[in-house]
Amino acid sequence: MSKKSVRLARDSQVFPRVNQHSKGTDDRFAFNFSFVTQNDKYGFSGKHFDKTIKNKFVEKLIRLSTADLVTVFGWPKSMGLENMAESDVKLAVNPAFERSGRQQNCLAGMWIFRLAKSGRVIGKINGTIFYVLAVDTTFDLYKHG
């Protein structure tokens, strides 16, 4: 048996070991909350982030993280993600995110997912990691139209 396979004790079937960074169609989003903006208006601690928003937020995280990336990127923006130029988003990105160097490896632009008609979550994507940078419940971080 090679290093790249696993044999289950109860039968003789051999299964390939899954590489954590494989580029298969089963890649799914993982969410990172370490770099949410320091502005309370767009973070998790403000009064705008109430029970209704929290519920919608968790429901959307579950939906986005249970489907593979190819599927998520294929969904319409109302269900999945939309991309916007960074210059179109008026967000002061957490300085720790910029200092960390993570931004250099992210896909271009800001990535946004909707919390129905209650708000938008804005972030950056690096591989399968979605860095949540802000939760906009006042719809004033970018023009909606």
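Which loop chymotrypsin sites (Phe, Trp or Tyr not before Pro) in region 52-127, with loop taken from DSSP, have no more than 15 other Cβ atoms within 10 angstrom of their Cβ?
Details: sites: 57, 73, 97, 111, 113; in loops: none.
Here no loop site has a sparse enough neighbourhood.
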7 Å from Cα along Cα→Cβ at both residue 38 and residue 140: what's the point-to-point distance in nm? 2.0 nm
Taking only the Cα positions of region 28-136, the convex hull volume per residue in Å³ is 94 Å³
Straight-line reach check, residue 54, cutoff 17 Å on alpha carbons, 8 or more apart in-chain or any other chain, hits among aspartates and glutamates -> 40, 136
Could you list the residues of region 41-76 with an amide nitrogen less than 20 Å from a label point located 7 Å from the Cα of residue 92 in the Cα-to-C-beta direction? 41-49
Within straight cross-link reach of residue 143, meaning Cα distance under 12 Å, which aspartates and glutamates are found once same-chain residues fewer than 8 apart are removed? 88
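To the nearest 20 debye, what charge dipole does region 28-136 have about its Cα centre, counting +1 at the Cβ of each Lys and Arg and -1 at the Cβ of each Asp and Glu?
Dipole about the Cα centre, nearest 20: 300 debye.
Values quoted throughout were computed directly from the atomic coordinates according to the rules given, and no laboratory measurement underlies them. Keep in mind it's a predicted model, so treat the numbers as computed, not measured. All Cβ positions, glycine included, derive from the backbone under ideal geometry; neighbour counts span all protein chains shown.
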